[in-house]
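The block underneath contains the structure these notes are about, expressed in structure tokens.
The values are calculated or read from the model by the stated rules, or taken from the named source; none is laboratory data. Given the structure is predicted, the values throughout are model-derived calculations rather than measurements. Reconstructed Cβ throughout: ideal geometry from the backbone, glycine too, with neighbour counts over all protein chains shown.
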Amino acid sequence: MSEAPLNQAAFVRACPLADVPAEGTLGLEIDGEPVCLIRTGSEVFALRDVCSHAEVPLSEGEIYDHTVECWLHGSCFDVRTGQPTGPPASEPVPVYPVKIEGDDVYVAITASEES
Ligand code: FES
């Protein structure tokens, strides 16, 4: 008998859940994409690890509830949506679906940026 595998093929294992600090961030690369994992409460979120203002890693920022604050100029983003909630950034940051399976975090990198 085998356990049901992750049913979305796009999900890839990112890291052990224990690697993501409580109320903190972890920057890593998945399929060549810089990813910022954010743990707040019992939830984990994933954003592209690049501030939309001046392209520095958001994983070096601070977490307040569902907000990540960029360390360089203080832009804030909602970690659930990637939308900017505080200036100077005005563009959203891509967010990626996250799944926790057992003791591991899985992220689906979706190539949905285009305009
Ligand atoms: S680089 Fe993030 S706020 Fe300026």
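Descriptive notes on the structure:
- Hits in the stretch 41-76 - residues which are β-branched (Val, Ile, Thr) and touching an Asp or Glu at 6+ places or on another chain (Cβ under 6 Å): Ile63
- Scanning the stretch 63-89 for residues that are closer than 14 Å to Phe45 by Cα, surrounded by 14 or more Cβ atoms within 10 Å (Cβ to Cβ) and among the acidic types (Asp, Glu) yields one hit, Asp78.
- The residue pairs whose first member lies in the stretch 46-64 and is more than 11 Å from Gly27 (Cβ to Cβ), whose second member is buried (at least 17 other Cβ atoms within 10 Å of the Cβ) and among the basic types (Lys, Arg), and whose beta carbons are closer than 6 Å, counting only pairs six or more residues apart or on different chains, do not exist in this structure.
- Residues of the stretch 90-110 that turn out to be surrounded by 18 or more Cβ atoms within 10 Å (Cβ to Cβ) and basic (Lys, Arg), as a count: 0
- The set of residues from the stretch 65-88 being away from the ligand (no atom under 15 Å from the Cβ) and either at pLDDT 95 or above or within 20 Å of Glu29 (Cβ to Cβ) (or both) comprises His66, Arg80, Thr81.
- Between Leu28, Leu47, Leu37, the distinction of being within 16 Å of the ligand (Cβ to nearest atom), of a type in the set (A, V, I, L, M), within 16 Å of Val98 (Cα to Cα) and in a strand (DSSP E or B) belongs to Leu47 only.
- Unique residue being within 12 Å of the ligand (Cβ to nearest atom) and either among the charged types (D, E, K, R) or at pLDDT below 95 (or both) when the list is Glu101, Glu91: Glu91
- Note on the stretch 34-62: among residues that are more than 21 Å from Leu17 (Cα to Cα) and not charged (D, E, K, R), the one that is surrounded by the most Cβ atoms within 10 Å (Cβ to Cβ) is Cys51.
- Selection status of Ala22, assigned to a loop (DSSP other than H, G, I, E, B), more than 13 Å from the chain's Cα centre (by Cα) and within 12 Å of the ligand (Cβ to nearest atom): no
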